[in-house]
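Values in this text are rule-based calculations from the coordinates and carry no lab data. Treat the numbers as computed from the prediction; the structure is a model and nothing was measured. Using ideal geometry, Cβ is built from the backbone for each residue, glycine included, and neighbour counts are taken over all protein chains shown.
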């Protein structure tokens, strides 16, 4: 009997609670859908302005005369971007500098209603004229920049380019940052600077010399003889190392294995690199399959002041790998406005052991070091001799060359500053304000 009474009590409680819920729901006033999930008019306004300026149409139109027909086109596009229950007012202001601050002068207004009601919101969008440019004055690196552009030499591992096109691109990128930039137009002119003879009154010492010929290096006809032809011009590479040390040059190799070939189309018309490129000879003894690698060894011996000794032992890994730009160089990309890919393929990275063999230090790692089978390699670095006389920048990357890496490496090392150029420009900035209101039902 007691259990039956408990069951009846439970049923009564359930009936009472259910009835109360039904009655309260009947009399409850629910919020409108607009209040539950309100339309964000400010976000819609900003998104609309960004859409109108996706192809810079808005930025172009707001600087035109108020009677220009393109304003009508803008209003048509604006109406098409918004839902039918949205009213708008778009006002364009000319931004000018006054004695007490900035002045905002309205110059044009577009609207599809007399009033926006009591529930409205707005977004603003600042537009700069395309006729205004931002200029900087680069700080000048003190020494001379020599770019090898020799018409009587051929390059290798610069697939898709010529040395002359690379030279012009490097000139455009780097000449603003150097006090003097000289294009070395033939191997005879290269011979002049090797003899400390200026070409245009510039200073030969403390220069940067960029070899745009990839794995080949131009050789003047005057050096196509004894003793420079020893071991098929490995001795010439040793001489280049000597001169780099003597004149405190920074010698730059833009891609591949440095000093693998020598090139002079007049002196070697019947010689080719076995790939059909005439006017060049592979460095190293004729019976030595690995002789081409003797060139960079000879150069480093000369840079270090060592006597010449034929050495063809390899400095590169047996396999390629992905190289990553160093953090220091990445941080310079925005500053100098140069944006190469941060990931490159390297097959000609130099062993880290050259630091001790030839008394070098790393002045700048362009790419992070990579360890392969227990041996550390540098895909791209600027090496300084410990005597502080002479440097080598070597980018041991796979063809094709990206000269932006060369430019960025040099700028990251020398760190020339960029000074903003002050200028005054009238009517150069417009403020666009789009105010939206909501009309209609829920």
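A few comments on the model shown:
- With Cα atoms, 0 to 90° folded angle of helix 230-246 axis to the chain main axis: 70
- Exposure proxy shown here: for 18, 47, the number of other Cβ atoms within 10 Å sets the order, fewest to most, as 18, 47.
- Our summary gives the range 136-420 a relative contact order of 20 percent, counting only alpha carbon pairs under 8 angstrom and 6 or more residues apart.
- Likely footprinting exposure, 275, 236, 177, fewest C-beta neighbours within 10 Å first: 275, 177, 236
- Rounded tilt (10° steps) of 41-52 against the dominant C-alpha axis of the chain: 40
- Among 386-394, 115-123, the peptide with the highest mean count of other Cβ atoms within 10 Å heads the list, and the full ranking is 386-394, 115-123.
- Compared with the dominant Cα axis of the chain, that is its longest principal axis, helix 70-81 is turned about 70°.
- Contour excess over end-to-end distance, with Cα ends at residue 7 and residue 419 and 0.36 nm allotted per residue: 139.4 nm
- Summarised in one figure, the compactness ratio Rg/Rh of the range 189-327, Cα atoms and Kirkwood Rh, is 0.97.
- Two-site FRET efficiency, residue 40 against residue 113, from Cβ-Cβ distance with R₀ of 25 Å, rounded to 0.05: 0.80
- Nitroxide proxy distance, nm - points 7 Å out along Cα→Cβ at residue 334 and residue 248: 3.5
- Burial order of peptide ranges 93-106, 311-324 (average beta-carbon count within 10 Å, highest first): 311-324, 93-106
- Relative contact order (%) - criterion: Cα under 8 Å, at least six apart; region: the range 225-293: 29
- Extents of the range 301-341, largest first, come to 44, 28, 14 Å (Cα atoms, principal axes, whole angstrom).
- Residue-averaged [θ]222 nm for the chain, counting only DSSP H segments that reach four residues, each worth -39500 (n - 2.57): -9000 deg cm²/dmol
- When the chain is treated as a Gaussian network with alpha carbon springs shorter than 10 Å, the biggest mean-square fluctuation among 182, 136, 92 belongs to 92.
- Label separation (residue 286 vs residue 376): 4.2 nm, computed from points 7 Å beyond Cα along the C-beta direction.
- Correct choice for Kirkwood radius over Cα pairs in Å that was computed from the model, options (i) 23.6; (ii) 27.3; (iii) 21.4: (ii)
- Contact order relative to length of the range 277-352, as percent, for alpha carbon pairs under 8 angstrom and 6 or more apart: 26
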